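Visitor: Have a look at this one.
None of the figures in this text is laboratory data; all of them are computed from the coordinates on show. Remember, it's a predicted structure, so these values are computed and weren't measured experimentally. Cβ placement follows ideal geometry from the backbone for every residue including glycine, while neighbour counts extend to all protein chains displayed.
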Amino acid sequence: MLIDSHVNLHAPAFDEDRDAVIARARDAGIRLMVEISDKVSSFEATHAVAMAHPDIYCTVGTHPHEAKDNPWLKADDLIQLAARPKVVGIGETGLDYHYDLSPRDIQRQVFAAHVTAARETGLPLVVHTREADGDMIQMLESAYESGSFKLLLHCYTSGAELARRAAALGAFFSVSGIATFKAAEEVRAVIRDMPAERIIVETDCPYLAPVPLRGRRNEPAFLPHVLDKLAEIRGWTRDEAEQRTEDAFFALFDRIPRP
């Protein structure tokens, strides 16, 4: 089963042909998709995509870029929204010190609210982390002292040390089209050491189209290119990569019934 664990189908890039994109995904063998919330203020659009399609689920959360627009977001706000049908994760949330589109203290504050919501709901926390390895691992390890929670480091491109310490907490990792990029050997090196039973795949569409489609708008139908690269990196057969990522997905997103 092919599963795209991270799509942004509510994005304006899909406004003209969203239904056709979803149809192409199904034609390409994509059986399930997780539609990701990038900010609570647009959650209704995210949730509507999931509710309109039996093979799409969603998350609720605010990306670190958007944290500045909702600095007082509380765990209770997220918990309330997470009670809706088809919500299966908390996030996308995290820390992004590359662009710093939100002040770092606000990013950390909003991220902490998501951590609490993930722990209290039992839903996996979908984490974005970029150039914030030190603060990220400090916050995760500190949070785990108060109780564990399910954790996914999505589209992982950070360092080996953060990956190692997050893996020790039980983290899952998702691999995106970046793994296919010529200049991404450091990313591939980290992928080789990820826990084999905790790797899933994603497109992060409309961003990060994989080689040989790089430069185009990404969409879920391109996911097989990511899976093939993962199989190559790990020395798995295509069937083995598909089975392993499927098993890992349902271990992580355990609110989604397995067909």
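Visitor: Given (1) without any contact (Cβ under 8 Å) to a residue 24 or more places away in the chain; (2) farther than 24 Å from residue 79 by Cα, identify the lone condition not met by residue 131.
Guide: Every listed condition holds for residue 131 apart from (1).
Visitor: Looking only at segment 90-113, count how many residues are at positive phi and buried (at least 16 other Cβ atoms within 10 Å of the Cβ).
Guide: Within segment 90-113, residues that are at positive phi and buried (at least 16 other Cβ atoms within 10 Å of the Cβ) number 2.
Visitor: Another question, then. Collect the residues in segment 189-218 that are in contact (Cβ under 8 Å) with a residue 60 or more places away in the chain and either out of contact with any strand residue (DSSP E or B) (no Cβ under 9 Å at 6 or more places or on another chain) or assigned to a loop (DSSP other than H, G, I, E, B) (or both), keeping them in residue-number order.
Guide: Residues satisfying the conditions are 202, 203, 204, 206, 207, 217.
Visitor: Ok, one more. What number goes with the only condition from (1) free of Cβ contacts under 8 Å to residues at least 60 places away in the same chain; (2) farther than 18 Å from residue 196 by Cα; (3) surrounded by 20 or more Cβ atoms within 10 Å (Cβ to Cβ) that residue 156 does not pass?
Guide: With (1) free of Cβ contacts under 8 Å to residues at least 60 places away in the same chain; (2) farther than 18 Å from residue 196 by Cα; (3) surrounded by 20 or more Cβ atoms within 10 Å (Cβ to Cβ) applied to residue 156, the lone miss is (2).
Visitor: Which residue is surrounded by the fewest Cβ atoms within 10 Å (Cβ to Cβ), if the candidates are limited to segment 234-243 and must be in a helix (DSSP H, G or I) and without any contact (Cβ under 8 Å) to a residue 12 or more places away in the chain?
Guide: Per the stated criteria, the residue is 239.
Visitor: Would you call residue 162 under 14 Å from residue 5 (Cβ atoms), among the aliphatic types (A, V, I, L, M) and either surrounded by fewer than 23 Cβ atoms within 10 Å (Cβ to Cβ) or touching a Leu at 6+ places or on another chain (Cβ under 8 Å) (or both)?
Guide: It is false that residue 162 is under 14 Å from residue 5 (Cβ atoms), among the aliphatic types (A, V, I, L, M) and either surrounded by fewer than 23 Cβ atoms within 10 Å (Cβ to Cβ) or touching a Leu at 6+ places or on another chain (Cβ under 8 Å) (or both).
Visitor: Give 231, 248, 221 a once-over and let me know the one that is outside any loop (DSSP other than H, G, I, E, B) and within 24 Å of residue 148 (Cβ to Cβ).
Guide: Only one candidate passes the filter, namely 248.
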